[in-house]
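*Asks:* To start, I am sharing the structure in question, which I have written as structure tokens.
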Amino acid sequence: MKKRNLSKKLLMTILCVLFALSLTACGGNNDSSSNQENADNGNSKNEYTLSSFLDQKEPVILYSVGKKVGKDETPEKIYYFKDGRITVFSSIDKTIGELSKMKDDEIIEFATETMKNGAKVDIQETADGLKYQIEQAKTNWPEELETGWDTYFNGSNEYDSEVFPSTYQTRYEWCEEFINYDEEIFSSPFEIMIKTDSTGNNPEKECITFATTQKARFYNNHLTIPYLYGEKDDGKFTDDIELDAYTSSITPIYDTFYATLTSGNKVYMTRVDNDKVTIIPDKLGAKGTSTDELSAEFKKSVADELSHRYEEFKKQCPKIAEVAEEYRK
């Protein structure tokens, strides 16, 4: 009897061990499947393709810093990627070292205020200059206050549509209206386009393409409205970040790690969690990319974006918009 009970216990022990091994094997298979998915999308947890890195749930800030990398360098531009859109900031008066000690939302808040304040100062300086010209004209050439030269419109530039007011007085009136124009810091849809070599079979460079960042600006003698022709967009009203055969490395700035992309004479930096992160080029046909030509869907999204910007401009500067539309017909 004891022998039989011992045999039963031994059998139960063996069955329990086999069951446990089978569970371990199943768990291992699931990990293998997950690792394969990571390999398809960008390889390991620390290795991303460009498209997968920009498609994360968390926003991404990318700095353009020219040739040098270091705590004392000032970014030429800041690119902010969030929810499938990009916002471009320029004229940022802080070094990489200073930015490394700020949170992402603090950086974007600072960049937004800096750009808006800079634009207001530029327009006010233009208005002050025009006011001086008007005073001079009253004394030296009063006829130009009322007659002057013919107003004309130039829409030949693929990026800008320019309207030239006819007199100093008209310039000043436009400028006074434009001073109150509170232009948004517009975001834009973007698309990653892979450009191939002469065979069409090998990637040569990646371009992050987005709606033009040119803004409505009033200069001394003309107004520039870059999105006046938004509804006729054919892909020309775009800017891009060109990454030509780039390499990825890690640069520590104080206690922060940056993935550094070096492309010819340009260097781009983005904050990462650790010193193992690598960003690699996308393969042809990668999800979320186009090849050699922007997609029709993206071109339409750019046209829609520019039309939206112009509608906002018309609401705040109706007099200028009325003249601009008259001369673009």
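Values in this text are rule-based calculations from the coordinates and carry no lab data. The model shown is predicted, which means the values in this text are computed figures rather than measured ones. FYI the Cβ positions are ideal-geometry reconstructions off the backbone, even for glycines, and counts take in every protein chain you see.
*Asks:* Report, by chain and number, residues whose modeled amide H sits under 5 Å from the one on Phe257, excluding near sequence neighbours (fewer than 5 apart, same chain).
*Replies:* Excluding prolines and chain starts, which carry no amide H, the hits are Val272.
*Asks:* Further, regarding this structure: Can you pick out the pairs among Lys195/Lys300; Lys205/Lys299; Lys68/Lys101; Lys68/Lys116; Lys101/Lys276 whose Cα atoms lie more than 24 Å from each other?
*Replies:* Correct reply: Lys68/Lys116.
*Asks:* If amide hydrogens are placed 1.01 Å from N in the peptide plane, which non-local residues have theirs closer than 5 Å to the one on Ile86?
*Replies:* The list, which skips near neighbours in sequence, is Ser188, Phe190.
*Asks:* Using +1 at the Cβ of each Lys and Arg and -1 at the Cβ of each Asp and Glu in the stretch 167-209, identify which of Ser187, Gly200, Thr170 lies farthest towards the dipole's positive end.
*Replies:* Going by the charge dipole, the pick is Gly200.
*Asks:* Distance in nm between label sites at Asp83 and Lys45, each 7 Å beyond Cα in the beta-carbon direction?
*Replies:* Each label point lies 7 Å from its Cα, and together they span 2.9 nm.
*Asks:* Give the separation of the Cα centroids, the stretch 249-284 to the stretch 175-195, in Å.
*Replies:* 27
*Asks:* Going by how many other beta carbons lie within 10 Å of each one, how would you line up Leu99, Leu261, fewest first?
*Replies:* Leu261, Leu99
*Asks:* Then there is this: If you stretched the chain out fully between Asp244 and Ile179, how much longer would it get, using 0.36 nm times the residue separation minus the C-alpha to C-alpha distance?
*Replies:* Full extension of this stretch gives 19.4 nm more.
*Asks:* Evaluate E = 1/(1 + (r/R0)^6) for Ala296 and Lys67, where r is the Cβ-Cβ distance and R0 equals 41 Å; express this FRET efficiency to the nearest 0.05.
*Replies:* 0.65
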